[in-house]
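Working notes, beginning with the structure itself.
The values are calculated or read from the model by the stated rules, or taken from the named source; none is laboratory data. Since this is a predicted model, take the numbers as computed values, not measurements. FYI the Cβ positions are ideal-geometry reconstructions off the backbone, even for glycines, and counts take in every protein chain you see. Only protein heavy atoms, including side chains, enter the accessible area calculation; ligands, DNA and RNA are left aside. Shrake-Rupley method; radii C 1.70, N 1.55, O 1.52, S 1.80 Å.
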Amino acid sequence: MGSLQYEIVRLPAYRAIGLKWNGSYSEVGQLKEVIKEMAVRVQELENVISPEIQLGLSYHLRPDGFTHYSVFKAGNNQFVPNGMVEIIVPELTYLMTQHVKGQNIGQTYMNIQQWLKESGYSIYKEDGIDYYDDLPIKHEKYPVNRDLTDPHFEILIPIVK
């Protein structure tokens, strides 16, 4: 197995708009439909900033599942269409890596956890919020033209020194 390439990046705050899904691990099949729906509904966003990049922002706020935002970056003057939500992501430092086509996604995340254990960085957590999962916040950036059966995408994990 090739070694993963890791980069530490600081990214400015941004606003994103899209669909919110909250469910258990057993319901995760529904999430694919939400992501597909958002890929179509992005056309409703006139002030979309990077229409070619769909974001998947996951927050493990429940022991049996997670909340997922399938969103696109949007300008401040973009209204929130019916059924969508907005999320403001603060300026954060991230561990950034690529999930490569043909690799096992679970393995990619296990490699990230291993890297973090040895790195001197900790997982970023918002104060006063209970998280579940060793990687409680996962941000993924998907090219919209990806192969849905074997996707490649960028993974961003918020971290602190």
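The table below gives the values:
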| quantity | calculated |
| --- | --- |
| Simple spin-label estimate for HIS152 and LYS125 in nanometres, 7 Å along Cα-Cβ | 3.5 |
| Global form of region 1-95, assessed from the alpha-carbon gyration tensor, a/c cut-off 1.5 | oblate |
| Cα-centre dipole for region 33-96 with unit charges at Cβ (Lys and Arg positive, Asp and Glu negative), debye to 20 | 80 |
| Vicinal HN-Hα couplings computed from phi for region 86-98 (Karplus, 6.51 cos²θ - 1.76 cosθ + 1.60; Hz; Gly/Pro x) | 10, 9, 9, 9, x, 5, 9, 9, 10, 8, 10, 8, 10 |
| Extension gain (nm, one decimal) between GLU91 and GLN30, 0.36 nm per residue minus Cα-Cα | 19.0 nm |
| Lys/Arg +1, Asp/Glu -1 at C-beta; region 1-72 dipole; positive extreme among GLY23, ILE35, PRO12 | PRO12 |
| Folded to 0 to 90 degrees: helix 105-119 orientation relative to the chain principal axis, Cα | 50 |
| For the chain: accessible area per residue (Å², 1.4 Å) | 55 |
| Calculated FRET value between GLN107 and ARG10, using beta carbons and R₀ = 35 Å, to 0.05 | 0.80 |
| Rounded percent of accessible protein surface that carbon and sulfur make up, the chain, 1.4 Å probe | 50 |
| Point-to-point label distance, GLN114-TYR132, nm (Cα→Cβ direction, 7 Å offset) | 2.7 |
| Test item: Cα-centred dipole of region 26-142, Lys/Arg +1 and Asp/Glu -1 on Cβ, debye | 340 |
| Debye log10 I(q)/I(0) for region 38-161, one point scatterer per Cα, at q = 0.16 Å⁻¹ | -0.89 |
| In degrees, nearest ten, helix 28-41 long axis to first principal axis of the chain (Cα) | 50 |
